[in-house]
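Taking it in order: structure first as structure tokens, then the write-up.
The values are calculated or read from the model by the stated rules, or taken from the named source; none is laboratory data. Keep in mind it's a predicted model, so treat the numbers as computed, not measured. Note that each Cβ is placed from the backbone with ideal geometry, even for glycine, and that neighbours are counted across all protein chains shown. SASA here: full protein model, heavy atoms, side chains in, ligands and nucleic acids out. Shrake-Rupley method; radii C 1.70, N 1.55, O 1.52, S 1.80 Å.
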Amino acid sequence: MGSFVLSRSLWTLPTLLLFLLCACAAISAQADPTDSGWVHTNPGGGGSFGSPGAGPTGVMLVGSDLSGAYISRDHGVTWENIGADRGLTSTHVSATAFDPQDEVILYLGTDNGLFRSRDGGASFQPVLDQGFVSAVAVAAADPRIGYAAVHPAWNALEPVVYRTEDRGLTWQPVSLDLPQNLRVLDLMIDPQKPDFLYLLSGSCRFVEDRQDEVPAAIYVSDDGGVHWQALGPELGRIMDFAVHSAQPDLLYAAAFADYTWGNSHAGALWRSRDRGATWEKLTEHSGYIWLPRDRAETVRLIDARDPSWWNEETGGVWESADGGDTWAQVSDSRTWDLGRDAPQWHYGASYDGLPKTFGQDLSDSDRLLWVNSQWVFGTRDGGRTFDNLYFRSSSPGFRQSTGIDNTVMFDLEISPANPQRIYLGLYDMGCWRSEDGGSSWQSCNTPTFTQKWQGFGGNVTTIVADPERGDAVWLNMAGDLSDPQTLVRSDAGGAAESWQAANAGLPVSAIHGLSLDPNSPTEQRTLFVTAQGDVYRSRDDGYHWEQVFACQGCRFTAVDHFDGDWVYAGGENGLWRSTQGGAEGTWQRVGGDEMRGPVAGDFVEYPWEWGGVFDIQTDLHASGVVWVTVLGSGRGLYRSRDGGETWQKLWTDDYMRKIALSPQDPDMALITSSSAMCCGGYSPDSHGALLSTDRGVTWTPVNEGLSWPFALAASFDPGQPGRAWLGSPGTGFARRTFYVEPRKRIYLPLVE
């Protein structure tokens, strides 16, 4: 606010009171004193989970490939994310383990070494700072001794077995003759002899292209992991292996009949009563082997196939009460909880094999966790039933996450006309909407436009809602991101059955960067979008489109909030502007080479493969003011006050993503920074969320409540001053209210 000069003759008491009232009406923002930080709200479920388990007190751990690990202290009712705020510096957790006697000691194996907690998961410290740790085991007879299987990289073989003798504080490589073509999926230690251990090798998604050379086999060492030899090579390709906790001479091995991944788990179950010297076939059925520790003769076998409607032989749990001689099916997967209601895909094995799919509970022999490529399930009755642990239902059709998410998120849109209605765009999970301000979520995917997902998921990368019509919204829908994408619209608030194609004139390609001209007629909106890196415009409410700019590298568009003639577009090919409503032939480059990416002019399909302009926002309070974020080393946040002619750099950041401007406070803005987008990846230079309350002069980190310093999508609630939203890659969406209070500004009259 500038200086005021008033004539003494005009300075009357009513004028003074009115002036002071207006001067004090300006607002500022800071964290609410009662606020504990960002609070996550998601539909639940997401990317690939693995290596579940529960310790001696029932504390559960689940690894993920995007967001570190998750911990539950109430048997899966609620979950907390373990990330950088607790000392974990790797987003991919590939193994978990528990000290069998000391419940506060936990282990997480990652693609960047091994981490240990000595306070029950409140914090973690690195104890091995190298390699991809694919398996960890701690000796029940002597927890000072443990083993870890370490590969030189996430997609490598060449394993080395490490050993600790001080309860995980230090580790040393010990294996000498372990075959180098193994991929270690699991380690098991003899319950009575800490120097006697087994190793299970097999293919997984990271070495799938080499599966023909990777043996699915058991190896054994009787000298603390130094020397190794194959065990039971006559059994064929092994999918799972188990050692009886009370009778260490008793072993079980499950073999594939057909190793083609995803085929039936038919094969054979074998038993040895002499530590593997001899074997006998028990049944021509196979799967995960579950040996309850407190029941000497009970053996459970889980067929992990999906409950698919097209498959006559479905999965389930079989149980033997006599050590495996006779069997009875105790449950059928078609009767289990199907989570998000899809008739298939909900169970099935992890991409990394059966040992990474199931986790037994050291505190309860009837409890077990089951995870896969998106979801988390559990049983508490010995496999008779399984229930989802990743969401809870609220009102019919609406859900809320239990805290275990692991999502790839792209976009967030709050309806300006109805701020209680919020839309989310995600990878694989597709479109979700809320009708209650984010307290619960409903799928808005439709089979018509989601290809193989059949409406149970999909991919949505860009969303825009009409600022005046509360039921009108546009977004893109696809199966996978590489599949044909369709721009669709809804005039019913995004209800799943209401979507219709709105893509006439658009190429069949990736779609990004929807924007809407708020100055255009309410029933005939002008919209912009990018497809194949070029800019398209619609002037009939999104029904028909025409190419207006062959950018060859634009991802985002924006229209001046007060003047629809000023239109911006940008991406890896820098920033461009039209002052004639985006008409063809009216575009010119603005912003210079610093806003271009390293692959400018070479269109790439996926939005995580490039740098350059990552967001464009036109100011909500002043015409001609435009804010631009640029992704890349030494880039950051830029602002122009003259429509792009000149620029001021406001913040330098290698991982700059988005900017949100407050509709209520012209001085309030939120920017996001994230080293992760689709596939994890932690960097200490990732700054997360930063808030400015002085129109971009200074920025303050506001990452309280975020387990990782990752923030991507951002928005302010148009219906509630100070309420902000963001999307954090890996952990999904969160909201937070910053306290808004009057500024104490006093302006005195000029005394002549």
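For Cys679, what accessible surface area do you get with a 1.4 Å probe? Give it in Å², rounded to 10.
90 Å²
Please give the solvent-accessible surface of Arg237 in Å², to the nearest 10, using a probe radius of 1.4 Å with every protein chain present.
70 Å²
Run the paramagnetic zone check for Val39: 7 angstrom along Cα to Cβ, then residues of the stretch 704-738 with backbone nitrogen under 11 Å.
Those under the cut-off are 735-737.
Rolling a 1.4 angstrom probe over the protein chains, ignoring ligands and nucleic acids, what is the accessible area of Trp576 in square angstrom, nearest 10?
Near enough 40 Å² of accessible area.
Using the alpha-carbon atoms, what tilt in degrees (0 to 90, nearest 10) does helix 13-24 show relative to the longest principal axis of the chain?
30 degrees
What is the percent of Cα-Cα separations in the chain that go past 36 Å?
Above the 36 Å cut-off, the chain has 47 percent of its Cα pairs.
Given R₀ = 25 Å, what would the calculated FRET efficiency be for Thr698 paired with Asp642, taking r from the Cβ atoms and rounding to 0.05?
On the way: r = 23 Å, r/R0 = 0.91.
Efficiency, rounded to the nearest 0.05: 0.65.
Please list Asp303, Asp85, Asp195 in order of solvent-accessible area, largest first, computed with a 1.4 Å probe with all protein chains present.
Ranked from most to least accessible, the order is Asp85, Asp195, Asp303.
Once label points are set 7 Å from the Cα along Cα→Cβ at both Asp491 and Tyr543, what is their separation, rounded to one decimal in nm?
My value for the distance between the label points is 0.9 nm.
Based on alpha-carbon positions alone, could you give the equivalent ellipsoid semi-axes of the stretch 443-565 from the gyration tensor, as √(5λ), descending, whole Å?
Each semi-axis is √(5λ); the values are 23, 18, 10 Å.
Report, ordered by chain and residue number, the lysines lying within cross-link reach of Lys193, taken as a straight Cα distance under 25 Å and ignoring same-chain residues fewer than 8 apart.
Lys356
Using a Cα-Cα cut-off of under 19 Å, which aspartates and glutamates could be cross-linked to Lys452, ignoring same-chain neighbours fewer than 8 residues away?
Within reach: Asp306, Asp341, Asp428, Asp480, Asp483, Glu497.
Averaged per residue, what accessible area in Å² does the chain show with a 1.4 Å probe, protein chains only?
Numbers: 27230 Å² over 752 residues.
Ligands and nucleic acids excluded, the figure is 36 Å² per residue.
Counting residues in the stretch 207-304 as N, plug N into 2.2 N^0.38 Å and put the Cα Rg over that result.
That works out to 1.10 for the stretch 207-304.
Output ³J(HN,Hα) for the stretch 209-216: one whole-Hz value per residue in order, computed from phi by the Karplus curve 6.51 cos²θ - 1.76 cosθ + 1.60 with θ = phi - 60°, and x for Gly and Pro.
5, 10, 4, 5, 9, 9, x, 8
Taking Lys281 as the anchor, which aspartates and glutamates have their alpha carbon closer than 15 Å to its alpha carbon, excluding any fewer than eight residues away along the same chain?
In chain and number order, the partners are Glu234, Asp240, Asp322, Asp325.
Over the chain, what is the mean sequence separation of C-alpha contacts under 8 Å (at least six apart), divided by residue count, expressed as relative contact order in percent?
Answer for the chain is 11 percent.
Order 276-282, 559-565, 516-522 from most to least packed using the mean count of other Cβ atoms within 10 Å. Let's see the in-between values first.
Details: 276-282: 14.7, 559-565: 18.9, 516-522: 17.1.
Ranking the peptides 276-282, 559-565, 516-522 by packing returns 559-565, 516-522, 276-282.
With all protein chains present, how much of the accessible area of the chain (probe radius 1.4 Å) comes from carbon and sulfur, to the nearest whole percent?
Of the solvent-accessible surface of the chain, carbon and sulfur hold 49 percent.
Tell me, what is the FRET efficiency for Arg384 and Ala122 to the nearest 0.05, using R0 = 30 angstrom and their Cβ-Cβ distance as r?
0.30
Using θ = phi - 60° and the Karplus form 6.51 cos²θ - 1.76 cosθ + 1.60, what ³J(HN,Hα) does each residue of the stretch 219-224 get, whole Hz, x for Gly and Pro?
10, 9, 10, 10, 10, x
Give me log10 I(q)/I(0) at q = 0.23, 0.27 Å⁻¹ for the stretch 46-108, Debye formula, one equal scatterer per alpha-carbon, no solvent.
These q points yield log10 I(q)/I(0) values of -0.94, -1.23.
Rounded to the nearest 500, what is the 222 nm mean residue ellipticity of the chain from helices alone, with -39500 (n - 2.57) per DSSP H run of 4+ residues and division by all residues?
Here the helix-only value at 222 nm equals -500 deg cm²/dmol.
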